[in-house]
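To keep things clear, I will list the structure first and then write my remarks on it.
The values are calculated or read from the model by the stated rules, or taken from the named source; none is laboratory data. None of these values were measured; they are calculated from a predicted model. Every residue, glycine among them, receives a Cβ derived from its backbone with ideal geometry; neighbour counts consider all protein chains shown. Ligands, DNA and RNA are stripped out before the accessible areas are found, and what is left, the full protein with its side chains, is counted by its heavy atoms. Shrake-Rupley method; radii C 1.70, N 1.55, O 1.52, S 1.80 Å.
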Amino acid sequence: MPHGIRVKLRSVLLGAVAMVAVVGLAAGAALAKATLTVYTAVEADDLKKYAARFNEDHPDIEIKWVRDSTGVITAKLLAEKANPQADVIWGLAATSLLVLKPEGLLLPYAPKGLDRLDVQFRDKDNPPAWVGMDAWVAAICFNTIEVQKKNLPKPTSWKDLTKPVYKGQIVMPNPASSGTGFLDVTSWLQLFGEAEGWKYMDALHQNIGVYTHSGSKPCTMAGAGEYPIGISFEFRAARQKKQGAPLDIVFPTEGAGWDMEATAIVKGTKNLEAAKTLVDWSVSEKAMRLYNEGYAVVAISKMSKPIEFLPDNMLEHMIKNDFQWAAVHRARILAEWEKRYSAKSEPKK
């Protein structure tokens with residue numbers, strides 16, 4: 001074989017070997033990439049942002065979101081108890097995690113940086129079954145244009161909302177579907193006592209136009225003028241206002257109920273190391289800055305920066321909340337609520 005042909009053939013063979021090596025490395029990298037199924041109730045318009053920020057630091061872990069309202073995700077996790085489908089819960093109400101914990105659905109884990117979290121933003125056990133992210137706080141969304149048309153006064157308290165002038169003018173979330181609805185109901189039962197709390201909700205019910213299956217929707221509806229008043233939460237209220245909705249945001253004088261978004265590993269995950277990595281990241285300072293883009297109070301409270309259109313003293317508006325009591329009595333409270341009020345709920349999808 002002439003020398004020139006041998007050299008050319010050798011070059012082709014070496015190139016082929018190199019290509020096989022590159023393909024092999026790429027295949028190995030693809031195989032090494034973990035996929036986490038993450039159950040969440042985080043606002044849908046933020047999910048891409050959450051995954052992108054996490055992937056800046058951990059590009060080798062892909063997040064597959066399963067997103068729905070708090071009550072739906074909680075019920076789904078309970079239904080899957082014998083055959084868990086999720087790896088991680090990232091952004092579900094602490095009251096829901098307190099329901100899931102005694103069912104043995106959560107794997108205790110102490111993430112790196114746990115000691116930086118405020119004590120109320122973590123499970124009391126060591127290692128904790130869950131860790132907090134941020135707080136979301138009840139608020140009233142009040143459409144300034146629509147109320148002028150209807151000559152409605154601006155409410156300043158929860159009890160104002162029971163006045164006959166607001167008949168049919170208020171929308172709020174169904175607590176069986178929505179974490180925001182559940183924190184509303186449990187906060188009223190704590191603020192007013194159980195007997196008076198149910199009397200309050202009986203009176204409020206007379207003024208409700210519809211109960212939604214989303215905690216954000218009442219504020220979105222108020223912003224769009226579908227109803228003049230929506231009982232929702234501060235994150236959505238501030239975002240709606242920033243987007244130009246004609247809203248005033250009211251924090252009632254009695255105090256506002258709240259819950260915290262929290263994170264946990266689902267017991268039985270087959271992707272434990274990747275799950276731990278995500279939970280580690282969820283309590284990092286970078287994650288806290290991410291949460292603080294929408295929520296005024298984060299789990300490392302000293303990192304909380306003011307949010308546009310929300311008061312600087314958000315902590316002062318938040319009631320002293322007994323999450324354990326709310327979790328223990330969840331089924332009883334929801335059964336009573338549905339018996340009394342569910343006739344006004346919007347149809348489920």
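Taken as a whole, the condition of being farther than 26 Å from Ala343 by Cβ, touching a residue at least 40 places away in the same chain (Cβ under 8 Å), in contact with a helix residue (DSSP H, G or I) (Cβ under 6 Å, 6 or more places away or on another chain) and aromatic (Phe, Trp, Tyr) does not apply to Trp188. For the range 147-167, residues that are over 30 Å from Thr95 (Cα atoms) and either among the hydroxyl-bearing types (Ser, Thr, Tyr) or within 29 Å of the chain's Cα centre (by Cα) (or both) total 2.
Note on the range 29-56: residues that are surrounded by 13 or more Cβ atoms within 10 Å (Cβ to Cβ) and among the acidic types (Asp, Glu) total 2. Of the candidates Asp134, Asp160, the single residue that is part of a helix (DSSP H, G or I) and open to solvent by less than 40 Å² (accessible area, probe 1.4 Å) is Asp160. The residue pairs whose first member lies in the range 36-55 and is at pLDDT 95 or above and among the aromatic types (Phe, Trp, Tyr), whose second member is part of a helix (DSSP H, G or I) and open to solvent by 10 Å² or more (accessible area, probe 1.4 Å), and whose beta carbons are closer than 6 Å, counting only pairs six or more residues apart or on different chains, are Phe54/Trp281. Of the set (1) free of Cβ contacts under 8 Å to residues at least 12 places away in the same chain; (2) closer than 14 Å to Ile265 by Cα, all apply to Arg122 but (1).
Restricting attention to the range 313-336, does a residue exist that is closer than 19 Å to Met172 by Cβ, among the aromatic types (Phe, Trp, Tyr) and modelled with pLDDT of 95 or more? No, the range 313-336 contains no residue that is closer than 19 Å to Met172 by Cβ, among the aromatic types (Phe, Trp, Tyr) and modelled with pLDDT of 95 or more.
If we scan the range 234-241, do we find a residue that is among the hydrophobic types (A, V, I, L, M, F, W, C), surrounded by fewer than 20 Cβ atoms within 10 Å (Cβ to Cβ) and within 27 Å of Ala327 (Cβ to Cβ)? Within the range 234-241, not a single residue is among the hydrophobic types (A, V, I, L, M, F, W, C), surrounded by fewer than 20 Cβ atoms within 10 Å (Cβ to Cβ) and within 27 Å of Ala327 (Cβ to Cβ). Considering Lys270, Lys276, Lys339, the condition of being modelled with pLDDT of 95 or more, farther than 21 Å from Met172 by Cβ, over 21 Å from the mean Cα position of the chain (by Cα) and surrounded by fewer than 19 Cβ atoms within 10 Å (Cβ to Cβ) is satisfied by Lys270 alone.
Residues are listed down the side, and each one gets a yes or a no for (1) assigned to a helix (DSSP H, G or I); (2) closer than 21 Å to His317 by Cα:
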site: Val165; (1), (2): yes, no
site: Thr186; (1), (2): yes, yes
site: Val210; (1), (2): no, no
site: Cys219; (1), (2): yes, yes
site: Ala222; (1), (2): yes, no
site: Ile231; (1), (2): no, yes
site: Arg236; (1), (2): yes, yes
site: Lys241; (1), (2): yes, yes
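Of the residues making up the range 72-121, those that are of a type in the set (S, T, N, Q) and not in a loop (DSSP other than H, G, I, E, B) are Thr74, Thr95, Ser96, Gln120.
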